[in-house]
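The structure appears right after this line, and notes come after that.
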Amino acid sequence: NSYCHQNHPFFPEKTGTLAGWLYPGGAVRHSGFGQKATSLEEEPSMALALRYAPAGMIYFEIRARRTGIRPRYAIVIPHIRDLERYAAIRKVFLKQGVSVLYASGSADAGYRVLAEMHSADLLEEMGLASCRVISFGAVPWSTQQKTRVGILTVYSETAAALDIFKRCRSALPNHLVKPERKEPFWDIPQIPELVAQNLNKGQPWWNDFSTFIADKPVRDHVFAYEKGGLAKMVKDGVLMPEGPERTIVVACHEAWRRRMGKIGEKARREGSSFSDQVNREFEKTRVEFSRCKNAAALRQTLTDFWARGGPLPSLQEGWQGVLPLLDEMNWRKARDLALLALASYKPASKQEAEALTAQEGEI
């Protein structure tokens with residue numbers, strides 16, 4: 001029926017003090033000096049523009065699973081040149097419905113806006129190459145309200161970067177979960193935030209994957225519920241083109257498939273649980289790769305993993321290209337790719353699929 005923007009007094013002839021709700025992301029520092037010394041102020045022209053900010057910004061709910069202080073909500077403010085044209089673009093975005101208004105992080109939210117506008121063939125027309133993302137969350141010293149926890153500028157210098165992000169989002173869409181006898185909810189994949197962060201830095205989309213999944217809540221969700229999407233991504237020739245990076249991933253897939261075959265033979269011979277042995281071996285392998293802290297350790301762990309798989313066709317053809325990724329300069333990339341291979345492995349049979357999902361819980 002009403003809201004504070006409608007009736008709040010506005011004096012165009014003088015600089016005015018701004019309420020916190022009128023300046024999204026604005027924060028008063030050192031309030032002990034008194035309101036007069038620390039209040040937020042703007043010239044009349046800017047104060048008037050802020051009145052229209054709620055109608056022009058795009059709001060996201062953030063479902064980040066990482067530990068520590070994390071954003072819960074984000075406001076995306078596109079950098080625009082034509083306000084009237086932007087109004088039409090914003091309608092195109094919001095027609096997508098509520099499902100697009102959930103994101104896994106601030107970078108994901110910013111790239112989502114740019115990608116949707118690019119899909120509508122309006123990005124270049126607007127000259128829109130970036131946007132500001134202001135994120136809010138709860139902090140230990142002020143749990144009763146949402147505090148600004150980050151400001152990020154998201155860039156899209158090339159259409160290729162937006163294409164990569166859109167392919168990622170296509171493989172890992174937001175998913176509406178409808179559990180029995182419970183309220184439905186949106187499950188939000190976490191990988192798009194990593195992809196958006198890397199694209200914003202000009203890095204490969206899988207860069208620093210090992211650090212990203214070092215956080216247990218993130219890792220649990222990625223390995224349990226994002227395998228299918230990651231499998232599509234590593235098979236995409238645009239996201240993972242032919243080259244040494246793809247060779248490492250494919251070789252790890254081949255080695256792990258061979259390893260599961262041997263586990264299956266052992267389980268049948270001993271009459272033990274195939275699922276339990278597969279899950280123990282999977283976790284052991286993941287930990288071994290994660291604990292590699294230098295090039296020598298990574299080379300030893302990776303070559304041992306490959307050797308136990310026997311002859312690997314992908315390595316027989318591309319081993320020379322892989323060698324530079326195992327040196328002192330690039331070994332972290334190889335570690336990221338090896339862990340990505342484990343996370344993206346697609347079971348070759350129903351028995352494999354059941355074994356790899358035997359210990360998955362609820363989202």
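Taking only region 162-207 into account, find how many residues are in a loop (DSSP other than H, G, I, E, B), in contact with a helix residue (DSSP H, G or I) (Cβ under 7 Å, 6 or more places away or on another chain) and at pLDDT 95 or above.
Of the residues in that region, 7 qualify.
Do you know which residues across region 232-249 are of a type in the set (A, V, I, L, M, F, W, C) and buried (at least 17 other Cβ atoms within 10 Å of the Cβ)?
Scanning region 232-249 gives MET233, VAL234, LEU239, MET240, ILE248, VAL249.
For region 180-197, what are the residues that are surrounded by fewer than 21 Cβ atoms within 10 Å (Cβ to Cβ) and touching a Phe, Trp or Tyr at 6+ places or on another chain (Cβ under 6 Å)? Don't jump to the end; show me each part of the working.
First pass over region 180-197, keeping only residues surrounded by fewer than 21 Cβ atoms within 10 Å (Cβ to Cβ): 180-187.
Hit for region 180-197 is TRP186, nothing else.
Looking only at residues that are of a type outside the set (A, V, I, L, M) and modelled with pLDDT under 75 in region 119-141, which one is nearest to ILE80 (Cα to Cα)? It would help to see each step written out before you state the result.
As a first pass, look at region 119-141 and keep what is of a type outside the set (A, V, I, L, M): 119, 121, 124-125, 127, 130-132, 135-137, 140-141.
Okay, now just the ones that are also modelled with pLDDT under 75, so 121, 124-125, 127.
Numbers: ASP121: 15, GLU124: 11, GLU125: 11, GLY127: 7 Å.
Per the criteria, the residue is GLY127.
Pairs needed: first member in region 236-254, modelled with pLDDT of 95 or more; second member anywhere, assigned to a loop (DSSP other than H, G, I, E, B) and among the acidic types (Asp, Glu); C-beta distance under 8 Å; at least 6 residues apart or different chains.
Short answer, once both residue conditions are applied: none.
Taking into account only those residues within region 204-228 that are surrounded by fewer than 18 Cβ atoms within 10 Å (Cβ to Cβ) and among the small types (Gly, Ala, Ser), which is farthest from GLU283 (Cα to Cα)?
Applying the filter and picking the extreme gives GLY228.
Suppose we keep only residues that are open to solvent by less than 20 Å² (accessible area, probe 1.4 Å) and without any contact (Cβ under 8 Å) to a residue 60 or more places away in the chain within region 255-280. Which one would you say is nearest to the chain's Cα centre (by Cα)?
Restricting attention to region 255-280, the residues satisfying the condition of being open to solvent by less than 20 Å² (accessible area, probe 1.4 Å) are 255-256, 260, 263-264, 267, 278.
Filter once more, so that each one left must be without any contact (Cβ under 8 Å) to a residue 60 or more places away in the chain: 255, 263, 267.
On the way: ALA255: 28, ILE263: 33, ALA267: 37 Å.
Per the criteria, the residue is ALA255.
Would you kindly identify the helices (runs of 4 or more DSSP H) lying entirely within region 48-124 that contain at least 2 residues that are in contact with a strand residue (DSSP E or B) (Cβ under 9 Å, 6 or more places away or on another chain), aliphatic (A, V, I, L, M) and open to solvent by less than 40 Å² (accessible area, probe 1.4 Å)?
Working: elements: 53-56, 83-94, 106-119.
Filter on region 48-124 gives 106-119.
With farther than 30 Å from LYS232 by Cα and in contact (Cβ under 8 Å) with a residue 24 or more places away in the chain as the only criterion, which of VAL92, VAL139, VAL133, VAL100 stands out?
The unique qualifying residue is VAL139.
Among the residues of region 147-178, write down those that are out of contact with any strand residue (DSSP E or B) (no Cβ under 8 Å at 6 or more places or on another chain) and not hydrophobic (A, V, I, L, M, F, W, C).
GLU157, THR158, ASP163, LYS166, ARG167, ARG169, SER170, PRO173, LYS178
The values are calculated or read from the model by the stated rules, or taken from the named source; none is laboratory data. Quick caveat: nothing in here was measured; it's all calculated off a predicted structure. For neighbour counting, all protein chains shown are included, and Cβ atoms are generated from backbone atoms with ideal geometry for every residue, glycine included. All accessible areas refer to the heavy atoms of the entire protein, side chains included, with ligands and DNA or RNA removed. Shrake-Rupley method; radii C 1.70, N 1.55, O 1.52, S 1.80 Å.
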